[in-house]
1. In whole Å, what are the Cα extents of segment 41-146 along the three principal axes, biggest one first?
2. So what is the 222 nm mean residue ellipticity for the chain from helices alone, if each DSSP H run of at least 4 adds -39500 (n - 2.57) and you divide by all residues, rounding to the nearest 500 deg cm²/dmol?
3. How big is D, in µm² s⁻¹, for the chain by Stokes-Einstein at 25 °C and 0.890 mPa s if Rh is the Kirkwood radius over C-alpha pairs?
4. Would you give the gap between the C-alpha center of segment 182-199 and the C-alpha center of segment 20-40, rounded to a whole Å?
5. So how do C74, C202 line up by other beta-carbon neighbours within 10 Å, fewest first?
6. Rounded to the nearest Å, what's the spacing between the alpha carbon centres of segment 85-110 and segment 121-171? Just the number, please.
7. Could you please rank K83, K17, placing first whichever residue has the fewest other Cβ atoms within 10 Å of its Cβ?
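Just so it is clear, none of the values below were taken in a lab; they were calculated from the coordinates. Keep in mind that what you see is a predicted model, and the values were worked out from it rather than measured. Glycine gets a Cβ as well: all are built from the backbone with ideal geometry, and neighbour counts include every protein chain shown.
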Amino acid sequence: MQPASFGVALAAELDLKKLNQWVPEENELQSYLLEVRTLLAGLSDQVAAKSKLAEQYKPLYWEIVFTAAWQESCWRQFVKKGKGLAALTSATGDLGLMQVNRNTWRSLYDLKQLAGDIGYNSNAGGEILFYYLSRYAIKKNEDKQAGGHLARATYSAYNGGPSQLTRYRAAKQNPELKKVDEAFWEKFQAVSSGRELDVQRCYQK
């Protein structure tokens, strides 16, 4: 894997400076989500093209990226903190839109940019998802296993590391991890049906 490098062409189409300073108010939500959708679509195309992903897998990869971003952060890079903004950060050190783990990936990605740049963070997460899809899920023929699915395998590895690749179809599953994998699957089915903007349900009070 190579470190994330956000494409100049894509950056030109988006106001990344605005996205990097934006936690949307309720009346801004639709505009915000459309901007993030453009971001995710662009990075998916870039990573797939750069990595020479076979055409048959490109739609699936696109859907995995959109769903993982929904599952991990509800398409949020930042949250309000005091009078300013802070990167969305989990208790285990996962950062930003794609919740890239600072401890696992610190040797490959710049932590400051993962926290402060939605473009860099999304591209890093996209590269990691591609890595698990191509090097693990596809290579190990997860789609040919009983109850197997490439997207579910990819996300299980993204969430828990490559040793967790098959956990979603295990006969005995950790109840909490089962909830995580089932939540991803529900979101994936929405995305694959063209309903990726259902992510706005996260913001309903």
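1. 50, 26, 26
2. It comes out at -15000 deg cm²/dmol, rounded to the nearest 500.
3. Roughly 143 µm²/s, to the nearest whole number.
4. Segment 182-199 and segment 20-40 have Cα centres spaced 18 Å from each other.
5. C202, C74
6. Cα centres, segment 85-110 to segment 121-171: 19 Å.
7. Fewest to most other Cβ atoms nearby, the residues stand as K83, K17.
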